[in-house]
Amino acid sequence: MLHAARRLIAPSARSDVPPFMVMDVMAAAARIEARGGKVIHMEVGQPAAPAPATAVAAAQAALASGRLGYTESLGIPPLRARIARHYRESYGIAIDPARVVVTTGSSAGFILAFLALFEAGDRVAVALPGYPPYRHILAALGCEPVAIETTQATRWAITPDMLLAAHRKKSLNGVLIASPANPTGTMMTAPALRELIEAAEGEGIAFISDEIYHGLDYAFPAETAARHSDSALIINSFSKYFCMTGWRVGWMVVPEPLVRPIERLQGNLAVSVPTLSQIAAAAAFDGRAEMEAVKHGYEENRRILLDGLPPAGIDKILPVDGAFYLYAEVSRFCDDSFEFAKRMLEETHVAATPGVDFDPVHGRQFIRFCYAGAAAEMREAVERIGAWLKR
Ligand SMILES: Cc1ncc(COP(=O)(O)O)c(C=O)c1O
């Protein structure tokens, strides 16, 4: 009986996805805080600022009005229209609102996109270092993530040559890129993005562009894949620029033939995206002035770290183009950045993420700092780290 029950509840192989090592860092930080220590949190990739006041006010009004029912599976029409308008205003391109799909954060967008584009067994290229859930969601859905190692030589991006070489080895069905990227904070230039899209689509490789960090660009303007192809699938979110991580709302711009399949998938998987979050998201676009002020704060934080970390000895830093991440090599201090992050947390109370979460191959040489907090905290972090490394 016990044996039978054990067999019944055996977790599936597909659920065996790796956990985040950063969770260990967070748990250690929580223990320090429980003892009364003051931890500077640079490990979690989320804004410290709240959602725009316009979004909060719209949500409050909707709550006060009473009933919140299901919505259309593709999202409420005013939000889809507002997102399409955003492409005209921000990039100068026309997007048909019919191609806009509202999702439960970009995380649900990945599931919908992968299900709509790929069969089980399909092979999808992703960059290393990269956001781990790309690989883990693909694997959980029975697809094969194909990691392409990027280096300084290609500005930490997949190039057409790298993509085509992998494709020739064994045929690829898709490629997913992010610009600005997590954990590196690096961006692809507009020509680099266009050339990669052309190379992929020339070989029938579906192109997915994670544009969740758009709006948070410092080095040069982030380019949308939507400008270069109607066949590319764009994934975005209100989590980062709009500071709405917990609202769980995002969007996709999808190729026209995928609209109806994704509508059917979302209808079955989730019915619809939380109504309150959709109403708030539509109003978030009116809060851009507030969000630009938050972005200026990140720019200031970026400057503090770029001025302060190299004199402290952390001077091998990837181009800090966008998002709110700084990815640095720390191998001169330690041959395992997980140990480095642990010791830094214990001895300076600054929490950062070891690179191994993002790159099982070279991640143990790198560490990621998130600079979405307050400027005073960044100054304090630089001081603490400087004093620690000079000991
Ligand atoms: C590159 C990237 N894509 C997607 C996500 C998921 O964000 P959300 O589901 O909140 O939209 C994150 C979160 O950190 C991320 O860094």
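Worth pointing out:
- 12 Å beta-carbon shell around HIS228, net charge (K/R +1, D/E -1): -3
- Cβ-derived FRET efficiency at R0 30 Å, MET23 paired with ARG391, nearest 0.05: 0.60
- Directionally averaged shadow of the stretch 1-65, computed from the convex hull of its alpha-carbon atoms, nm²: 10.3 nm²
- Inter-label distance for ILE32 and LYS169, nm, one decimal - labels placed 7 Å from Cα along Cα-to-Cβ: 3.8 nm
- The stretch 85-157 shape via C-alpha gyration tensor axes, a/c threshold 1.5: oblate
- C-alpha center-to-center spacing [the stretch 267-301, the stretch 83-97] in angstrom: 16 Å
- Cα Rg, Dmax, the stretch 119-229, angstrom units: 13.1, 39
- Between ARG343 and GLU119, the simple label model (points 7 Å from Cα in the Cβ direction) yields a spacing of 5.2 nm.
- Order by protection proxy (mean Cβ within 10 Å, highest first), peptides 328-339, 351-362: 351-362, 328-339
- Vicinal HN-Hα couplings computed from phi for the stretch 362-378 (Karplus, 6.51 cos²θ - 1.76 cosθ + 1.60; Hz; Gly/Pro x): 10, x, 6, 9, 10, 9, 10, 9, 9, 10, 8, x, 8, 4, 4, 5, 5
- Stokes-Einstein translational diffusion, the stretch 168-327 - Kirkwood Rh over all Cα pairs, 0.692 mPa s, 37 °C, in µm²/s: 187 µm²/s
- Computed in the context of the full set of protein chains, the accessible area of the stretch 268-391 at 1.4 Å probe radius has 51% of its extent on carbon or sulfur.
- Overall, the accessible surface of the stretch 92-239 at a probe of 1.4 angstrom is composed of carbon and sulfur to the extent of 52 percent.
- In the context of the full set of protein chains, residues of the chain present 43 Å² of accessible surface per residue (probe radius 1.4 Å, heavy atoms only).
- In this structure, ARG260 and LEU63 have a Cβ-Cβ separation that, at R0 = 41 Å, corresponds to a calculated FRET efficiency of about 0.80.
- Sequence-ordered 3J(HN,Hα) estimates for the stretch 130-136 from the Karplus curve with 6.51, -1.76 and 1.60 and θ = phi - 60° stand at x, 5, x, x, 3, 5, 6 Hz, glycine and proline given as x.
- Net +/- balance of residues flanking GLY250 in space, Cβ distance below 13 Å, scoring K and R +1, D and E -1: +1
- Helical contribution to [θ] at 222 nm, DSSP H n ≥ 4, -39,500 (n - 2.57), averaged over the chain, rounded to 500: -13500 deg cm²/dmol
- Given LYS169/LYS240; LYS170/LYS342; LYS170/LYS295; LYS38/LYS295, the pairs whose alpha carbons are separated by over 31 Å: LYS169/LYS240; LYS170/LYS342; LYS170/LYS295
- Measuring between their Cα centroids, the stretch 102-128 and the stretch 130-196 lie 13 Å from each other.
- Whether the stretch 279-391 is rounded, prolate or oblate, judged on the alpha carbon gyration tensor where a/c under 1.5 counts as rounded: prolate
- Max mean-square fluctuation residue, GNM over the chain, Cα-Cα springs under 10 Å, options MET42, MET162, MET188: MET162
- Span from the the stretch 32-82 Cα centroid across to the the stretch 320-391 one, whole angstrom: 28 Å
- The convex hull defined by the C-alpha atoms of the stretch 224-293 has an orientation-averaged projected area of 5.5 nm².
- Projected-area average for the stretch 1-112 over all orientations - Cα convex hull basis, square nanometres: 14.0 nm²
- Nearest-0.05 FRET efficiency for ALA376 and ASP96, computed from C-beta distance (R0 56 Å): 0.80
- D (Stokes-Einstein, µm²/s), Kirkwood Cα radius, the chain, 1.567 mPa s at 4 °C: 59 µm²/s
- For SER237, SER231, the ranking by accessible surface with the largest value first comes to SER231, SER237, using a 1.4 Å probe.
The values are calculated or read from the model by the stated rules, or taken from the named source; none is laboratory data. Nothing here was measured: the structure is a model prediction, and the numbers come from that model. A quick note on method: Cβ atoms are made from the backbone with ideal geometry, for glycine too, and the neighbour counts reach across all protein chains shown. In case anyone asks, the SASA skips ligands and DNA or RNA and just uses the protein heavy atoms, side chains included. Shrake-Rupley method; radii C 1.70, N 1.55, O 1.52, S 1.80 Å.
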